[in-house]
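The values are calculated or read from the model by the stated rules, or taken from the named source; none is laboratory data. Note that the coordinates shown come from a computational prediction; the quantities given were computed from them, not determined experimentally. A quick note on method: Cβ atoms are made from the backbone with ideal geometry, for glycine too, and the neighbour counts reach across all protein chains shown. Just so you know, the surface numbers come from the protein's heavy atoms only, side chains and all, with ligands and any DNA or RNA stripped out. Shrake-Rupley method; radii C 1.70, N 1.55, O 1.52, S 1.80 Å.
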Amino acid sequence: KLLPATMTDSNKNEETESQSSSSYEEEHLCETCTKVIKRCLQPPVVGALLGLFFASFPTLRGILVDIVDRTGDAPLEWFFDGLYTTGQAAVPLNMMILGCNLSASYMLDSRDHKEKFFSKQAEMAVVVGKMIVMPCIGFFSAYVMQFVYPVPDEIAGSFYLVLLIVFLCPTANNVMVMVELSGGGSKEGMARIIAYEYMVAPIILSLTVTGSVLMASSMSVG
């Protein structure tokens, strides 16, 4: 009589443990998904998505911007003008945040704050990848696209030039805002990487932009 009772108790314990473990996994999964969504949906990303949403529907866009005769008499044009004026302060604020983090990165001792910095090899790899490897990928993509997706000659030059410029530019300084808002501990290291990219940009970017203009011109003629 004691053996079946013992087996029943053990089965109940196993069921309880399995239920608790499954509930813990579900809670952990929900917490992970919530954290990923919060990290991805930073204010700059939300603003860009809202801009794409409103621009995709002419009716909604016409409420904020006069798209008929451009006389500025849309119902909420005043609201859009306020947002536009506020948005013009984004570049100075981004540069201030970048400068503050860059200054902090040189005030801290990298030996005592290793979690805040990347290794020199990693920093150089990121700079080379963004300023040299990415332009090469852009040149190859544009070359392949002219055979896969023919573009009318009237817009071919501008189309390929814009396509190439996307691959050439260094990391935007508004990335620092996203890193700052995400609460990441590597904002000083990211500031250094962006600073290194802007240090080599006058030379490398001049060469890659020149090559892009020449390539877009030849592809528009061909």
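Please tell me if Met215 is modelled with pLDDT of 85 or more, assigned to a helix (DSSP H, G or I) and open to solvent by less than 60 Å² (accessible area, probe 1.4 Å). Criteria met by Met215.
How many of the residues making up the range 61-79 are assigned to a helix (DSSP H, G or I) and exposed (fewer than 13 other Cβ atoms within 10 Å of the Cβ)? Walk me through it before giving the result.
Quick first cut of the range 61-79, residues assigned to a helix (DSSP H, G or I) only: 61-64, 77-79.
Next, only the ones that are exposed (fewer than 13 other Cβ atoms within 10 Å of the Cβ) stay: 78-79.
Count: 2.
Within the range 40-59, does at least one residue satisfy the condition of being within 23 Å of Val175 (Cα to Cα), touching a helix residue (DSSP H, G or I) at 6+ places or on another chain (Cβ under 6 Å) and open to solvent by 80 Å² or more (accessible area, probe 1.4 Å)? The answer is no, given that none of the residues of the range 40-59 is within 23 Å of Val175 (Cα to Cα), touching a helix residue (DSSP H, G or I) at 6+ places or on another chain (Cβ under 6 Å) and open to solvent by 80 Å² or more (accessible area, probe 1.4 Å).
Evaluated against (1) in contact (Cβ under 8 Å) with a residue 40 or more places away in the chain; (2) open to solvent by 40 Å² or more (accessible area, probe 1.4 Å), Val144 falls short on exactly one condition, (1). Pairs meeting the criteria (first residue in the range 80-104 and in a helix (DSSP H, G or I), second residue acidic (Asp, Glu), beta carbons under 7 Å, at least 6 apart or on different chains) are Ile97/Glu180; Asn101/Glu188; Ala104/Glu188.
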